[in-house]
1. If you scale each eigenvalue of the Cα gyration tensor by 5 and take the root, what three semi-axes come out for the stretch 88-321, rounded to whole angstrom and sorted largest first?
2. Full extension from Ser310 to Thr191: what is 0.36 nm times the residue separation minus their Cα-Cα distance, to one decimal in nm?
3. Whole Å is fine, so just give me how far the alpha carbon centre of the stretch 1-49 lies from that of the stretch 193-237.
4. Under a crude label model (7 Å from the Cα following the beta-carbon direction), how far is Ala449 from Asn325 in nanometres?
5. Quickly work out the Glu138-to-Asn173 label distance, labels modelled 7 Å from Cα along the C-beta direction, and quote it in nm with one decimal.
6. For Arg119, put the label point 7 Å out on the Cα→Cβ axis and report which residues of the stretch 365-381 keep their amide N under 17 Å from it.
7. I'd like the distance between the alpha-carbon centres of the stretch 357-383 and the stretch 401-455, rounded to an integer number of Å.
8. Filter the trypsin sites (Lys or Arg not before Pro) in the stretch 1-75 to those in DSSP coil with at most 14 other Cβ atoms within 10 Å of their Cβ, and list the result.
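Every number in this text was worked out from the coordinates using simple rules, so none of it is lab data. Every value quoted in this text rests on a predicted model; they were computed, and no experiment measured them. Note that we place each Cβ from the backbone using ideal geometry, even for glycine, and neighbour counts take in every protein chain shown.
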Amino acid sequence: MKLSRFNIPVFDEPRKGLMLLFNTLTMDFDELEPEYRQTYQKLKNNGVEYSPQELIQIEEMTAAGYVVSDHEAEKAKAAEWMRALSYHNDGVYRATIVTTMACNLNCVYCIEAPFTSNRTMTLETADKAFSRIIREIEDRPTKHIAIAYYGGEPLLNLPVIEHLSRRFQEWCNGTGITYSFTLSTNGTLLTREMVDRLKELGLCLAQISVDGMAEIHDKRRPFKGTGLPSFDVVMQNIKDVADILPVIIAGCYSLETEPHIYRFFDYLIDQGLDKKLDSLLFSPETSRIGDNKTSCTSVDCAINPQWSASHYVRVQKEIINRGFNLNKPLLAHAGCALALNYGHIIIAPDGYLYKCNALIDNKEYSVGHVDNENLAPFHHICMTKELWRKCLEETDCPYVYFCGNACGCRYAAFVDSGDFWHVDCQRKHYDELLPELMKLEYHRINLAASKSSNS
Ligand code: SF4
Ligand code: SF4
């Protein structure tokens, strides 16, 4: 009996004598009582004799993956799980359609800034995108089609959203497959009347970007051309739609603007939006594209190593303490879409297919085109690289599953080193981050439990 290599123990938390334990492979997370902690320590010290009581505890810890019989067998299981992660099919076909690269705002850190143009998807390309998605679905078991409309500002090309939604709804009719869509929008055009109409077509959620109070948001997200402020317009639209549509408020912050976003969270409470919003997703800016500040907020992306652990955790704690939901679990393993086989295709306005928002318009990293039957060789390379094998075989790293199926962020590796496949190991960052995330997750669980027992 041995301790799993994927265990992350935090001793004397939440109190002296106890410990928090997280297994990055099974994703089990527990608080261990003193007697379990003693048994854990005994295993760590290669103890030979165990009492019947200790053996029961070991059996329980084995069920959670904290104890294993053999490290080689555990490694083999991890390799199998890593491959399964890349080829996973939960029956939900997810794709992103970039309806336009045009935007009516001029954000200072825009991820698309180097490529910003008014390129807009035509209905002809939209039809080809539809056929491409249907071809993929017909090959694999699918229960639901989940499309994210993205931009630029996706609502600047409403005809494509409406046209595609009608086509998906008609196609799904009688198949047992359902369709819904989400919007990643700056919120300036999202009126209640529009939401009513789009809900009929499958709209189920909007992610709206706000960067804090007016004095911050308006500097960072002014209207294009006029430079006029956008905060009041966006907030009015959020208030108008939050009772009929789940809304995520997403934003970026820097060290300078961090205190202002706390004021913004309090403002949301004053406006009664804490009870209405689906969740908050606030990410630190990171310098990634040239001189621009940008931040990858893709739900499945690897944790960005430029986020200092304390900085990131502090903001998440402020969100939790005010009673908002986080948009994603704190202890979630990373998954880079580049190495996901089923779905997760991003279709650009010109019909090129990508796997990562940050790579749009870099055609050498495109995985195909709506005109072509087959995916491009780059997709095959992404699926077969399996960088994690080296980490699993040649190191004792406990984060292999957590670090993701592409060993962190490929795009960040490229920007930092010029080599797309460079393993930009962030083990030290995880060493700092994981214990903080575990403490915060414990705090979050307890806060939720005490709230539900008080209500
Ligand atoms: S890249 Fe580093 S942190 Fe990630 S799995 Fe490999 S060794 Fe671990
Ligand atoms: S390369 Fe990086 S930014 Fe792109 S999908 Fe993967 S983790 Fe996200």
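1. Values: eigenvalues 183, 74, 73 Å².
One finds semi-axes of 30, 19, 19 Å for the stretch 88-321.
2. Residue separation times 0.36 nm, minus the Cα-Cα distance, leaves 39.1 nm.
3. A separation of 46 Å, based on Cα centres.
4. Simple spin-label model gives 2.1 nm for this pair.
5. Simple spin-label model gives 1.9 nm for this pair.
6. Only 365-372, 376 pass the distance filter.
7. 27
8. Details: sites: Lys2, Arg5, Arg15, Lys16, Arg37, Lys42, Lys44, Lys75; in loops: Arg5, Arg15, Lys16.
Sites meeting the loop and neighbour criteria: Arg15, Lys16.
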